[in-house]
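Participant: This is the structure I have questions about; it appears just below.
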Amino acid sequence: MNTINKTTLVWWLGCILLWSASQAQVADEFQKQLNQLKTYENLTLAKVMVVGTNHFKKDVLTPQKQTDLKRLIAALAQFKPTKVVVEWNPKKFDETNQNYRAYVAKKFSIRQKPNEVYQIGFRLARQMAHDTIWLFDNRPAFIGSLEGFTFDKFLGFADKHDKGFYDKHLKTITKVWNYNKALMKKLNLYDYFTLINSDKMSQVNAQRMHAFETRVGIRNTWMGPDWLGRWYQRNVRMMSNVLKIARKGDRILIIVGDNHKWVLDELFKNAPDFEVVSSGEHLLKYRKK
């Protein structure tokens with residue numbers, strides 16, 4: 001009986017070894033095929049860094065904020081951008097660049113102009129000795145369920161048609177929003193930019209839009225999904241505007257509202273023409289220098 005058991009055991013062990021060897025061969029063959037897959041990485045034209053910002057108000061003109069801005073711009077300059085891109089429509093290209101050239105020539109003052117296009121874009125481009133400011137915004141029309149869109153109308157629709165959902169999700173979103181806003185108020189301008197450009201903040205912004213917008217008007221007007229779809233559409237067009245101006249070897253720095261950052265980063269990562277450089281990691285790197 002023991003002899004039979006030993007023989008059986010040896011037979012089973014042999015079967016297991018043969019099966020393991022065959023599986024290893026299959027895995028090796030799969031890995032070989034996987035390694036041979038061709039990608040589009042050889043199409044890369046340029047590096048791109050998306051710098052999210054709040055839309056500046058007059059308080060950015062105070063002496064302390066101006067000091068912080070100089071520090072921020074010095075850090076961004078370490079990226080060595082060959083093009084600076086701002087969140088204005090290309091239709092304003094001629095006017096914007098006329099003002100930029102006058103600014104470089106000290107004939108156009110930005111001292112009382114709080115907009116981030118001036119306070120970051122113009123100053124950074126001048127520091128890098130650029131002769132051009134690039135523009136890339138594009139806002140698709142509000143059509144279909146979004147015709148006549150306002151955020152008050154959007155919230156009113158959600159409140160009227162799905163009160164339970166509206167209360168639950170809006171309270172959650174507002175609670176997180178207010179908590180994060182209180183945290184950010186404690187930061188100087190440089191650290192504020194480092195935080196809003198972090199991967200974690202990009203995740204927060206993306207989750208907020210997908211937690212609420214996607215649910216408003218389901219099986220009714222589809223207002224929420226249509227709004228989020230328009231947001232993607234706008235950012236795809238913006239990315240395409242950058243693609244149009246990109247040249248081999250470019251290092252493109254984009255200044256844009258921080259809620260655009262999460263979607264633009266993903267779009268640029270999926271476009272083989274670009275290599276994305278993390279603005280959050282870049283600012284963190286130069287934070288103590």
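Participant: With log10 I(q)/I(0) by the Debye sum over Cα atoms at q = 0.08, 0.11, 0.17 Å⁻¹ as the read-out, I listed (i) -0.48, -0.77, -1.41; (ii) -0.41, -0.72, -1.34; (iii) -0.36, -0.68, -1.41; which label goes with the value calculated from this structure?
Facilitator: Computing log10 I(q)/I(0) by the Debye sum over Cα atoms at q = 0.08, 0.11, 0.17 Å⁻¹ and matching it to (i) -0.48, -0.77, -1.41; (ii) -0.41, -0.72, -1.34; (iii) -0.36, -0.68, -1.41 gives (i).
Participant: Please compute, for the alpha-carbon atoms of the stretch 59-114, the extent along each of the three principal axes and give them in descending order in Å.
Facilitator: Reported extents, whole Å, longest axis first: 33, 27, 22.
Participant: In addition: Over the stretch 86-149, what is the mean sequence separation of C-alpha contacts under 8 Å (at least six apart), divided by residue count, expressed as relative contact order in percent?
Facilitator: 49
Participant: Taking R0 as 25 Å, what FRET efficiency do you get between residue 129 and residue 71 from their Cβ-Cβ distance, rounded to the nearest 0.05?
Facilitator: 0.80
Participant: Identify all lysines with a Cα-Cα distance to residue 91 below 16 Å; exclude those on the same chain that are fewer than 8 residues away in sequence.
Facilitator: 244
Participant: Return the single residue from 270, 241, 220 with maximal mean-square fluctuation; model: Gaussian network over the chain, springs between Cα atoms under 10 Å.
Facilitator: Top of the fluctuation ranking is 220.
Participant: Related question: Within the stretch 75-137, report the trypsin sites (Lys or Arg not before Pro) that DSSP leaves as loop and that have at most 12 other Cβ atoms within 10 Å.
Facilitator: Taking the stretch 75-137 and a limit of 12 other Cβ atoms within 10 Å, the loop trypsin sites (Lys or Arg not before Pro) found are 106, 107, 111.
Participant: So, one more: Could you work out the relative contact order of the stretch 44-289? I mean the mean sequence separation of Cα pairs under 8 Å and 6+ apart, divided by the number of residues, in percent.
Facilitator: 42
Participant: To the nearest 500 deg cm²/dmol, what mean residue ellipticity at 222 nm is calculated for the chain from DSSP H runs of n ≥ 4 alone, each contributing -39,500 (n - 2.57), summed and divided by the residues?
Facilitator: The helix contribution divided over the chain gives -19000 deg cm²/dmol.
Participant: Check each of the GluC sites (Glu not before Pro) in the stretch 94-147 and keep only those in coil by DSSP with at most 15 other C-beta atoms within 10 angstrom; list them in order.
Facilitator: The qualifying sites are 147.
Participant: Hey, another quick one. Explain nothing, just compute: Karplus ³J(HN,Hα) = 6.51 cos²θ - 1.76 cosθ + 1.60, θ = phi - 60°, for every residue of the stretch 174-179 in order, whole Hz, x for Gly and Pro.
Facilitator: Running phi through 6.51 cos²θ - 1.76 cosθ + 1.60 with θ = phi - 60° gives 5, 4, 5, 4, 5, 5 Hz.
Participant: Oh, and also: If neighbour count is taken as other Cβ atoms inside 10 Å, put 17, 155 in order from fewest to most.
Facilitator: In increasing order of surrounding Cβ atoms, one gets 17, 155.
Participant: Under a cut-off of 19 Å between alpha-carbon atoms, report the lysines in cross-link reach of residue 160, not counting same-chain residues fewer than 8 places apart.
Facilitator: Output for residue 160: 168, 171.
Participant: While we're on this one: Residues of the stretch 42-72 with backbone nitrogen within less than 17 Å of a virtual label 7 Å along the Cα-to-Cβ line of residue 187, please, listed as ranges.
Facilitator: 50-57, 60, 65-66, 68-72
Participant: Multiply the residue separation of residue 108 and residue 175 by 0.36 nm, subtract the distance between their alpha-carbon atoms, and state the gained length in nm to one decimal.
Facilitator: Gain on stretching residue 108 to residue 175: 19.8 nm.
Participant: Would you list which lysines come within 20 Å of residue 200, measuring only between C-alpha atoms, while excluding same-chain residues fewer than 8 positions from it?
Facilitator: 175, 181, 185, 186, 261, 269, 285
Participant: Something else about it: Taking the beta-carbon count within 10 Å as an exposure proxy, list 253, 183, 243 from fewest neighbours to most.
Facilitator: Least to most surrounded, the residues fall as 183, 243, 253.
Quick note: the coordinates plus some simple rules give every number you see, no bench work behind them. Since the model is a prediction, treat every value here as computed from it, not as a measurement. Neighbour counts are summed over all protein chains in view; Cβ atoms, including those assigned to glycine, are modelled from backbone coordinates with ideal geometry.
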